[in-house]
Amino acid sequence: MEVQLFGVELPRLGPLHTAVGLIFSMLLGVWPVQALEMLVGKIPFLQAVNGSTVLLPCTYASCIGIENLYFNWQFNDNGTMQKVCDSVIVSEDSDPHVAIYRERVEFVGKNRKNNVSILLWNITFEDGGQYTCFGRNPKEKGRNHSAIFHLIVVDELRVVDNTLTIMIASAVGGAIAALMGFMLLKNFTLFVLSKLEEKKKECLVTSSGIDNTENGLSGSKADSKPTPKKK
């Protein structure tokens with residue numbers, strides 16, 4: 001019996017291994033969307049002094065491996081993308097032969113660490129701007145991936161005034177310390193009051209016993225002995 005849905009005949013899967021292979025192929029068709037990642041670190045910008053040497057970091061990661069991975073660095077020059085360097089990494093065990101298209105640029109990445117970082121020597125104000133680390137893995141059917149890094153070139157690094165931050169932190173710390181001190185004092189006061197209350201109750205019980213004795217009440221030490229009978 002053939003099963004049809006909306007007039008479309010469903011394909012027969014056949015043996016179990018054929019069905020598993022079909023499912024695996026479908027998964028491979030979806031998963032590579034996020035298979036390759038180009039990463040420039042948690043802080044994608046850097047402020048550096050004019051004339052210094054800086055590192056532009058970039059690494060790649062792929063859950064399905066690489067084969068003839070193409071990568072490059074590009075610099076956004078007022079809206080025009082200029083290629084800084086590029087290369088092809090044949091396999092995970094091979095080192096790339098990198099072509100450099102810009103002066104004072106050195107490739108320092110090591111493929112065994114999935115690293116495609118570059119160095120910029122003696123930077124100038126013209127070197128400041130947006131750099132893009134680009135990658136394309138043919139195993140992902142030509143999908144493109146990139147990450148952006150910003151370089152800011154300044155005359156000198158400014159010293160950040162942390163006075164306000166320190167004042168706020170000190171005030172918050174002082175408030176927390178005062179609150180903890182208040183809670184400790186409150187607990188100690190309650191403890192002392194409870195001890196005084198217990199002592200007061202003991203004094204009342206003792207005083208009540210003494211009054212009973214003085215008044216000659218039954219059960220006290222002042223109870224008189226019965227008069228002995230005459231023989």
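Any read-out appearing in this document is the output of simple, stated calculations on the displayed coordinates, not a laboratory observation. Small disclaimer: the values here were computed from a predicted structure and weren't measured. Neighbour counts are summed over all protein chains in view; Cβ atoms, including those assigned to glycine, are modelled from backbone coordinates with ideal geometry.
Points to keep in mind about this one:
- Packing-based ranking of 183-189, 102-108 yields 102-108, 183-189, ordered from highest to lowest mean Cβ neighbour count within 10 Å.
- 3J(HN,Hα) couplings calculated from phi for the range 128-140 with the Karplus curve 6.51 cos²θ - 1.76 cosθ + 1.60 (θ = phi - 60°) are, in sequence order, x, x, 9, 10, 10, 9, 10, x, 9, 10, x, 5, 9 Hz; Gly and Pro show x.
- Radius 10 Å from Cβ of residue 53, net charge of other residues (Lys, Arg +1; Asp, Glu -1): 0
- Label point distance in nm, residue 202-residue 126, each placed 7 Å from Cα along Cα→Cβ: 9.2 nm
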